[in-house]
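Each remark here refers to the structure printed beneath this line.
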Amino acid sequence: MSGHSKWSSIKHKKAKTDAARGKAFTKLIREITVAARHGGGDTDANPRLRLAIQAARGQNMPNDTIKRAVKKGTGASEGANFEEFTYEGYGPAGVALMIDALTDNKNRTTAEVRHALTKQGGNLGESGCVAWNFEIKGTIRVEASRCDEDTLMAAALDAGAEDIDQSDGFFTVTTTASELHSVAAALEEKGVPYESAVLERIPGTTVELDANDARKVLKLMEMLEDLDDVQRVSANFDIPDEILQE
């Protein structure tokens, strides 16, 4: 299994803690706000906003909190002006990293990202140094025990999904970036509940890590994603399965 899928599994387990849920709320509120600012507050006309709200509801975010975030984005109420930035760099063992951030203070965020990388033996790179190895894809995560496999397969493939993989008790449906919204809508129409539907950076090639380097990379990924300004981290690693059990 490629690094992005394993990291998704690790994040899923981590997100069950209250502290992690609080971090998730902060990131989701920012995503909703920025999505509403760029595409408006109508979810029917703004697929990015619809997916962000679906993700927020998947984390049991209160509706009032969601509405306030939308209002901030559309200018109906005051709020911080978040901007989108992507950092590129390297972690231990030469692992390539793409770090997507939403921030109201780029200098602060850059300093925090650089500190995390340096502390774990990595470094920031120039724009374009690793982006060539990543492709943006849609991924939909479905808990296997909550769906009928045949219904999922038929609905996803008929709607244009590229691939469906099963591991760790979940199906992962992969789509093109442009088809994520329509495939997710098709699953909803067929009554298939999904945990998340997001855009991810999928690596074309990966670095196979030994146990020691894997622990270092996972520690770095956690440090980066624990930063409030960082929305998501993508990396091109494979790790031993036993590390996932720790």
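Look at the range 133-148 and say how many of its residues are open to solvent by less than 70 Å² (accessible area, probe 1.4 Å) and under 21 Å from Arg48 (Cβ atoms).
Final tally of qualifying residues: 7.
So which residues in the range 115-131 are surrounded by fewer than 19 Cβ atoms within 10 Å (Cβ to Cβ), touching a residue at least 40 places away in the same chain (Cβ under 8 Å) and of a type in the set (A, V, I, L, M, F, W, C), if there are any at all?
Cys129, Ala131, listed by residue number.
Listed here are the residues, each with its yes/no results for (1) over 23 Å from Leu209 (Cα atoms); (2) among the aromatic types (Phe, Trp, Tyr); (3) free of Cβ contacts under 8 Å to residues at least 12 places away in the same chain.
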site: Ala55; (1), (2), (3): yes, no, no
site: Val70; (1), (2), (3): yes, no, no
site: Phe85; (1), (2), (3): yes, yes, no
site: Asp104; (1), (2), (3): yes, no, no
site: Asn133; (1), (2), (3): no, no, no
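Scan (1) free of Cβ contacts under 8 Å to residues at least 40 places away in the same chain; (2) surrounded by 15 or more Cβ atoms within 10 Å (Cβ to Cβ); (3) not aromatic (Phe, Trp, Tyr) for the single condition Glu162 breaks and write down its number.
Checking Glu162 against (1) free of Cβ contacts under 8 Å to residues at least 40 places away in the same chain; (2) surrounded by 15 or more Cβ atoms within 10 Å (Cβ to Cβ); (3) not aromatic (Phe, Trp, Tyr), the one that fails is (2).
Just a yes or no: is a residue in the range 186-203 β-branched (Val, Ile, Thr) and closer than 24 Å to Asn133 by Cα? Break it down into steps so the answer makes sense when it comes.
From the range 186-203, those β-branched (Val, Ile, Thr) are 192, 198, 202; that's our starting set.
Filter once more, keeping what is closer than 24 Å to Asn133 by Cα: 198, 202.
Yes, that holds for at least one residue.
Where in the range 146-246 are there helices (runs of 4 or more DSSP H), lying fully within it, with 2 or more residues that are touching a strand residue (DSSP E or B) at 6+ places or on another chain (Cβ under 9 Å), farther than 24 Å from Arg57 by Cβ and not polar (S, T, N, Q)? Working first, answer last.
Numbers: elements: 149-158, 180-189, 211-225, 241-244.
Output list reads 149-158, 211-225.
Return the only residue of Arg48, Arg68, Arg57 being closer than 30 Å to Pro193 by Cα, touching an Asp or Glu at 6+ places or on another chain (Cβ under 9 Å) and open to solvent by 50 Å² or more (accessible area, probe 1.4 Å).
Arg48
Of all residues in the range 166-188, count the ones that are modelled with pLDDT of 90 or more and among the charged types (D, E, K, R).
1
I'm trying to understand the selection: among the residues of the range 168-191, which are hydroxyl-bearing (Ser, Thr, Tyr) and either farther than 10 Å from Thr139 by Cβ or open to solvent by 10 Å² or more (accessible area, probe 1.4 Å) (or both)? Working first, answer last.
Start the filter on the range 168-191 by keeping residues that are hydroxyl-bearing (Ser, Thr, Tyr), which leaves 172, 174-176, 178, 182.
Result: Thr172, Thr174, Thr176, Ser178, Ser182.
If we only count helices (runs of 4 or more DSSP H) wholly inside the range 16-123, which ones have 1 or more residues that are at pLDDT 95 or above?
Hits in the range 16-123: 106-119.
The values are calculated or read from the model by the stated rules, or taken from the named source; none is laboratory data. Keep in mind that what you see is a predicted model, and the values were worked out from it rather than measured. Ideal geometry is used to build each Cβ from the backbone, glycine not excepted, and the neighbour counts take in all protein chains shown. Just the protein is used for accessible areas: all its heavy atoms, side chains included, with ligands, DNA and RNA removed. Shrake-Rupley method; radii C 1.70, N 1.55, O 1.52, S 1.80 Å.
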